[in-house]
Amino acid sequence: EDKDRFSAEELVVAAWEMFPDTFGLKGFNHPDSNRVFAEIMGSKPIRKKGLLQKVGEKMYTLTELGKSVGAGFNEDNTQTKLDASRQVVAQLKKIMSSVALKKYKAARESDITFSDVFAFLSIAPSSSAIELKGKEENLLGILRLVSSQLGSDGSSIVHGGTPILQQDIETIKSLFRDVQNEFKEELEIIRQRKHERKT
């Protein structure tokens, strides 16, 4: 319904209404909240795929990647080709303007700080493991989506301002890999956090 934010309860009801066999309480015409919560808080939640983000206690929002994936489904729930929306390109341009990437492109990798990494990955020092995983997958998903739109023929995507080239995508991927290596210990501390903050 194009809501920016929605509650866990709203998600439970919506999932059940769309897919009653999958998210219904066995033997009853009622939703099974545990089945939905398993998808957003379990061992393999969609939040880890970067599609959904927690924005408060029992409150969620779709990421730009999540919106693009959702928009790529037909009424019969078959997926069509995804398009890089203006919001996706805007998020990519934010990544491209990050301090970490600017230092990386200027061959100043040693000057990149963990604070720069926070901004690059859109996380905070107090982020949980699931938040970190979701942000990483959202970033990688956006790169894959935009890369698929660009192809290998030197084409670019422009939504006002500087064009985005395949070379830009590869540079961001390279920085992402380097960040994983250079800040492995610091990121591992976040990956060990099993409990989320109540916000």
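The values are calculated or read from the model by the stated rules, or taken from the named source; none is laboratory data. This is a predicted model, so every value here is computed, not measured. So basically every Cβ, Gly included, is an ideal-geometry build from the backbone, and we count neighbours across all protein chains shown. With ligands, DNA and RNA removed, areas are computed over all heavy atoms of the protein, side chains included. Shrake-Rupley method; radii C 1.70, N 1.55, O 1.52, S 1.80 Å.
Step through the table entries Lys103/Lys184; Lys26/Lys133; Lys3/Lys58, compare each Cα-Cα distance with 23 Å, and write down the pairs that go over it. Beyond 23 Å between Cα atoms: Lys26/Lys133.
Peptides 131-137, 184-190, ordered by how many other C-beta atoms sit within 10 Å of their residues on average, highest first, read 131-137, 184-190. Kindly state, to the nearest 0.05, the FRET efficiency for Phe118 paired with Lys26, given R0 = 35 Å and r defined as their beta-carbon distance. Efficiency computed from Cβ-Cβ geometry: 0.20. Note on Ser7 and Lys58: their simple-model spin labels are 0.6 nm apart, each label 7 Å out from Cα toward Cβ. If you sort Lys102, Lys54 by accessible surface, 1.4 Å probe, largest first, the order is Lys102, Lys54. Taking all protein chains together and a 1.4 Å probe, the residues Tyr60, Tyr104 rank Tyr104, Tyr60 from largest to smallest accessible area.
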